[in-house]
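Worksheet for the structure shown next.
What follows is calculated from the coordinates using simple rules that are stated; it is not laboratory data. Worth saying up front: this structure is predicted, and the values here are computed from it rather than measured. So basically every Cβ, Gly included, is an ideal-geometry build from the backbone, and we count neighbours across all protein chains shown.
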Amino acid sequence: MGVPGEFVFQVDSNVIATPPPITRPTRPTLPPTSYKPTAVTTSRPPQTTATTSKNGLDRDCGCTRSKIWLDIVAVIDNSLSMGREELTLNTAPGYSSRIALVSFASSAINVADLNTFNDTGSFMKKLFAIPLANDDKVNILSGLQMANTILGKGVVSNRRRVVILYTSAYDDTGSESPVSLALNMREDNIKIITIAFSQKMGSDEVNNVGKLAWPTFNFVNEQLNLPDRMYDALCQTNCFCPPNWQQYTTDITNQYAPGYGVCLYLSSITSAWIPASYGCGTEAPGAYLVTETTEQKHDFNLGI
């Protein structure tokens, strides 16, 4: 495969062991960086349970909800136009994740930081205790700014970062447009999930909030199986490879392409097949020479 003498090793994500938490120095803001979905600057991700893909070839990313290992900020619109009866952020991820709360109308309020909640019950109690503001203005920019600040404090290096934005209105005109900040957060590998709260008999302009979302992570409150779709987005975020390993995706040229539960490593050391097959096992627990069962996988391997 590829250049003679070069071998690609493969390891499934479910054999990657959970590292101990590692903290980095606090930074006040998150500067934009170039995002590469397969480059992790810290330790390996936690162990997840990968499953066999529908085509029976490569492993899909696992989705064990209690083992989602993320830092999440829920940004909730509490303006007069927002109700509570259909709020679908009705469950929190398991013990492995940290979650903060931000409410916003014309301005944002830090309701709870990432270290506030120790269980789902206290999170739910705090969430539904957020009062509606006597304010009909919706300033999404203020909510994202607050979330960005929270995620920039006490960063844990082996956790991915997520913002769940729930809003009843959207406006990207003028000085309060959230588009630029959302793009900067995307470049800093903060994934935004948007849930548009569509009003009955109202305008569907709010659906444009999906422009702020990570590709395919935009939803509306009336979607079927919305909690499952949100969990799927969280599980996709939770699936990534250790440093120097390349996650196998559906398209190596698209940084937003969905990934599989397979990590690839290219070694340029000249070797015959048999010693290479033994040598790759020393690269990581459970590693083996890469498989090529589809043209898509072949093209991906050549592109590494």
- Which of K153/K211; K153/K297; K67/K137 exceed 29 Å between C-alpha atoms? The answer is K153/K297; K67/K137
- Percentage, to the nearest whole number, of Cα pairs in segment 137-237 over 15 Å apart: 61
- Per DSSP, loop GluC sites (Glu not before Pro) in segment 196-304 with at most 12 further Cβ within 10 Å: E222
- Message: Order these by the 10 Å Cβ neighbour count, fewest first: K67, K137.
- Response: K137, K67
- Got a sec? How would I164, I140 order by Cβ neighbour count within 10 Å, fewest to most? I164, I140
- Item | Sites matching chymotrypsin sites (Phe, Trp or Tyr not before Pro) across segment 93-178 that sit in DSSP coil, with at most 14 neighbouring C-beta atoms within 10 Å | Y95
- Query: Using the count of nearby Cβ atoms within 10 Å as a rough guide to exposure, how do W214, W273 rank from fewest to most?
  - Reply: W273, W214
- Among all the aspartates and glutamates, which ones have a C-alpha under 12 Å from K191's C-alpha, if same-chain residues fewer than 8 places away are not counted? D71
- Long-range Cα-Cα pairs in segment 181-244 (distance over 13 Å), rounded percent: 67
- Phi-based couplings in Hz for segment 158-163 (Karplus 6.51, -1.76, 1.60; Gly and Pro marked x): 9, 10, 7, 10, 9, 10
- Message: Need one number: the % of Cα-Cα pairs in segment 65-237 sitting beyond the 21 Å mark.
- Response: 42
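Give me the percent relative contact order of segment 65-237, please, defined on Cα pairs under 8 angstrom at least 6 residues apart. Show your work: numbers first, answer last.
On the way: 336 pairs, mean separation 39.3, N = 173.
Relative contact order comes out at 23 percent.
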- Other-chain or far-sequence residues with amide H under 5 Å of D136's (modelled H): L80
- Virtual spin-label span in nm between S106 and I274, 7 Å along Cα→Cβ: 7.9
- Item | Per-residue HN-Hα couplings for segment 288-303 [Karplus 6.51, -1.76, 1.60; θ = phi - 60°; Hz; x = Gly/Pro] | 8, 4, 4, 9, 9, 10, 9, 5, 4, 5, 4, 5, 5, 4, 5, x
- If you place +1 on the Cβ of every Lys and Arg, -1 on the Cβ of every Asp and Glu, and leave all else neutral, what size is the dipole of segment 65-237 about its Cα centre, to the nearest 20 Debye? 720
